[in-house]
C-alpha cells in the first residue's frame with residue numbers, strides 16, 4: 001500500500017517532517033525554513049518603518065491583499081520572544097492572510113538595555129499602531145497588542161499597566177484586546193539566568209509583573225500556552241493570570257494546547273506546523289469577535 005493510500009503512513013510522514021522543523025526551531029535554520037515556506041501572494045510588506053528615533057525602534061507592516069471591511073482591517077502589533085522581526089515573517093503572513101493588518105516590531109534587548117526600556121519601546125510601537133491604523137488601512141478601534149514568550153510579557157505590561165501607554169498619550173482602554181502566548185506573567189524570583197540581569201536579580205523592581213495588574217478595566221484578553229512548558233510555567237503564569245482577570249470581570253479566552261511546546265506554540269502559525277495546534281484559528285477568532293474599543 002502506498003503512503004498516499006495509507007492514513008497511518010501519511011500521518012507518520014507528516015509527523016516526521018514536522019519534527020524535523022521542530023528540532024530546528026531553536027536556531028535560525030528552523031525559522032528560515034518556516035519563512036521560506038511562507039506564501040508571498042497574500043500580503044504586501046513595508047519593512048523597517050520607524051516608530052521611534054533609535055535603530056531598534058523599527059517594525060514591518062504586513063498589509064492583507066484581501067479587501068478591508070468598511071472600518072478597516074483589525075490591527076495586531078506583535079512582539080516576539082527572541083531573534084529579530086525578520087524571523088517572524090511567517091507570523092505576519094499568517095495573520096495578514098486572514099485579514100489582519102500586522103505590525104511585527106523590534107525592540108531594544110539586553111544587554112543594550114534592561115527593564116523597563118523595552119516596555120518604553122513596546123508602548124511606542126503600540127502607539128504607532130493606534131496613531132497610524134487608519135492611514136495603513138486598519139481600524140483604529142480594533143487594535144490588539146500580541147506577544148509570544150518575552151514578547152508576551154511586553155504585550156501584557158502595555159495592555160494591563162497604564163503607565164507605558166500613558167507616556168505616549170494613549171491608554172490601554174483604546175485597545176480592543178491583547179493576546180499573550182506562553183508569556184511570563186508571574187516569575188519573581190526567577191532562576192532563569194537570562195532573565196535575572198534584565199530584572200536586577202535579586203533586587204527586583206516593584207510593579208514589574210503583569211500578575212499585579214489584573215483589574216476590571218483591563219482589555220479583553222486571550223491567553224494561551226502549552227500544557228507542558230519547560231521555560232515558562234503555564235500554571236503560574238497563563239492560568240493564574242487568566243483566573244485573576246476573570247475574577248476582576250474581564251472577558252478572557254484561555255486556550256491550552258497539548259501537542260506544542262514553548263517554541264512551537266508560535267511555530268504553529270506557519271502552515272507546515274498548523275496541525276500541531278489551532279492557535280492561529282483561535283487567535284483570529286478572538287480578534288474577529290472582539291468588539292471595538294470604546
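The values are calculated or read from the model by the stated rules, or taken from the named source; none is laboratory data. Since the structure is predicted, the reported quantities are computational estimates derived from the model, not experimental observations. FYI the Cβ positions are ideal-geometry reconstructions off the backbone, even for glycines, and counts take in every protein chain you see.
Looking at residue 186 and the list (1) more than 16 Å from residue 118 (Cβ to Cβ); (2) more than 19 Å from the chain's Cα centre (by Cα); (3) part of a loop (DSSP other than H, G, I, E, B), which single condition is not satisfied? For residue 186, the failing item is (2). Right, residue 91: part of a helix (DSSP H, G or I) and either surrounded by 17 or more Cβ atoms within 10 Å (Cβ to Cβ) or within 18 Å of the chain's Cα centre (by Cα) (or both) or not? Criteria met by residue 91.
A search for C-beta distances below 9 Å between a residue of the range 44-69 that is touching a residue at least 24 places away in the same chain (Cβ under 8 Å) and any residue that is loosely packed, with under 13 Cβ neighbours inside 10 Å and part of a loop (DSSP other than H, G, I, E, B), counting only pairs 6+ apart in sequence or on different chains, returns 56/112; 65/41.
Among the conditions (1) crowded, with 24+ Cβ neighbours inside 10 Å; (2) within 16 Å of the chain's Cα centre (by Cα), residue 82 misses just one, which is (1). Among the residues making up the range 239-251, those that are in contact with a helix residue (DSSP H, G or I) (Cβ under 9 Å, 6 or more places away or on another chain) and buried (at least 20 other Cβ atoms within 10 Å of the Cβ) are 241, 244, 245.
Residues satisfying the criterion are absent from the range 201-217 (criterion: more than 14 Å from residue 149 (Cα to Cα), touching a residue at least 60 places away in the same chain (Cβ under 8 Å) and either touching a strand residue (DSSP E or B) at 6+ places or on another chain (Cβ under 7 Å) or surrounded by 22 or more Cβ atoms within 10 Å (Cβ to Cβ) (or both)). Consider residue 228 carefully, then state whether it is modelled with pLDDT of 95 or more and assigned to a strand (DSSP E or B). Criteria not met by residue 228. With respect to residue 259, is the statement that it is in a helix (DSSP H, G or I) and surrounded by fewer than 23 Cβ atoms within 10 Å (Cβ to Cβ) true? Criteria not met by residue 259.
Does the range 9-20 contain any residue that is assigned to a loop (DSSP other than H, G, I, E, B) and either over 23 Å from the mean Cα position of the chain (by Cα) or modelled with pLDDT of 95 or more (or both)? No, because not a single residue in the range 9-20 is assigned to a loop (DSSP other than H, G, I, E, B) and either over 23 Å from the mean Cα position of the chain (by Cα) or modelled with pLDDT of 95 or more (or both). Condition check: farther than 16 Å from residue 149 by Cα, surrounded by 15 or more Cβ atoms within 10 Å (Cβ to Cβ) and either in contact with a strand residue (DSSP E or B) (Cβ under 6 Å, 6 or more places away or on another chain) or modelled with pLDDT under 95 (or both). Does residue 176 satisfy that? It is true that residue 176 is farther than 16 Å from residue 149 by Cα, surrounded by 15 or more Cβ atoms within 10 Å (Cβ to Cβ) and either in contact with a strand residue (DSSP E or B) (Cβ under 6 Å, 6 or more places away or on another chain) or modelled with pLDDT under 95 (or both). Considering only residues in the range 94-115 that are in contact with a strand residue (DSSP E or B) (Cβ under 7 Å, 6 or more places away or on another chain) and assigned to a loop (DSSP other than H, G, I, E, B), the one that is farthest from residue 270 (Cα to Cα) turns out to be 107.
With the requirement that a residue be over 15 Å from the mean Cα position of the chain (by Cα) and either buried (at least 23 other Cβ atoms within 10 Å of the Cβ) or in contact (Cβ under 8 Å) with a residue 12 or more places away in the chain (or both), what does the range 94-117 give you? Those that are over 15 Å from the mean Cα position of the chain (by Cα) and either buried (at least 23 other Cβ atoms within 10 Å of the Cβ) or in contact (Cβ under 8 Å) with a residue 12 or more places away in the chain (or both): 97, 98, 99, 108, 109, 110, 111, 112, 114, 115, 116.
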